Amino acid sequence: MVENFKSIAIVGLGRVGTAMAVLLWRQGFRDLRVCDRNPSKIKALTELLDGPITACSTPAQTVAGVELVLLAVQDRYIAELADNLAISGLDADPGGCFFAHLSGSLTSEALQPLAAMEAITFSLHPLQSVADAEGGVQVLAGSYFSFEGDERAFPVAQTLVTACGGNLVRLAAVDKVLYHAAAVVSSNFFIALEEMAITMMTGIGVDADTARRMLLPLIRGSFENLERVSPVEALTGPIVRGDDQTVAAHLAALRKKFPDYVSAYRLLAGLNVDLAKQRGEVTYADFPSLKP
Ligand SMILES: NC(=O)c1ccc[n+]([C@@H]2O[C@H](COP(=O)([O-])OP(=O)(O)OC[C@H]3O[C@@H](n4cnc5c(N)ncnc54)[C@H](OP(=O)(O)O)[C@@H]3O)[C@@H](O)[C@H]2O)c1
């Protein structure tokens, strides 16, 4: 049971809003109000719960008199929604209420119009890739969430994240952009890299679905290595073995069949050399094929 606050409003029942609503509900939290501009989203949430939930028709109705409000809408709507709620939408004084958004790239500054009305504002970003609400229920538990904003909200965020089964870390507003860029590198760029590998496999006649299945155990192996040891220790492959001939052959094959991938390969190979150097096993001089 969530103890620090009694009522929670969630505006926006997309992937993350729905998943968090389900997690809070399952923790016994029943004073939960939700809204979305699409009624099918309310229905979808209801189907994941074992009882009726209070659904409101507007954000203003949803947040009125509630102690903790989560704006789980797309990033591009957060400031506009905060502005609308502050200007005309609030039936009750938001002073002392906690308002959060869930964006990784925006800071709590996006909620400034509410802070100006004495609301306690923060951003609470789940560091996770949530492709759908049901998957979100599984993956958010055990994920890290980052807190940024009014320090008075930290205990509230802690209670909320604990209820969702997650872990909480503090971030300074000034660091949020780089934090989010790191998340993009780790998650989105990883997907782009796997698509690159799949496309290379299709270039030798393996169908894309088979290629994805072939690569998955390799990905899992690397992932499991990274669970145990640092990237420096986890690295395997031709670069850490100092095998410039193999690297040169890869580059020649890519130039012939996938010239668009050459620059990405060179860049990442350079990062691999950086790692291998830390192991003391190779230097840049060992890789003439990577010279500009
Ligand atoms: N998905 C992820 O992997 C992920 C991970 C971490 C953090 N986040 C953050 O979580 C937040 C939500 O992301 P999401 O992926 O869950 O987005 P989403 O699936 O697109 O859901 C947002 C929902 O909010 C609704 N909405 C927008 N404006 C509204 C309004 N004024 N009143 C009522 N409903 C409104 C949208 O309706 P319409 O569809 O009609 O616009 C949509 O149903 C974002 O800040 C995002 O950065 C997402």
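The values are calculated or read from the model by the stated rules, or taken from the named source; none is laboratory data. What you are looking at is a predicted structure, and each value in this text was computed from that prediction instead of being measured. A quick note on method: Cβ atoms are made from the backbone with ideal geometry, for glycine too, and the neighbour counts reach across all protein chains shown.
Is there any pair linking a residue in the range 98-122 that is within 21 Å of T159 (Cβ to Cβ) to one that is hydroxyl-bearing (S, T, Y) and within 13 Å of the ligand (Cβ to nearest atom), with Cβ under 6 Å and at least six apart or on different chains, and which?
Once the first residue is within 21 Å of T159 (Cβ to Cβ) and sits in the range 98-122, its partners that are hydroxyl-bearing (S, T, Y) and within 13 Å of the ligand (Cβ to nearest atom) give H101/S123; S108/S123; T121/S108; F122/S108.
Taking D209 and the conditions (1) more than 16 Å from the chain's Cα centre (by Cα); (2) among the acidic types (D, E); (3) not assigned by TED's automatic domain parsing to the domain that holds H250, which numbered condition does it fall short on, given that it satisfies the others?
Every condition holds for D209 apart from (3).
For the range 45-76, which residues satisfy the criterion of being surrounded by fewer than 17 Cβ atoms within 10 Å (Cβ to Cβ), assigned to a helix (DSSP H, G or I) and near the ligand (Cβ under 10 Å from one of its atoms)?
The answer is D75, R76.
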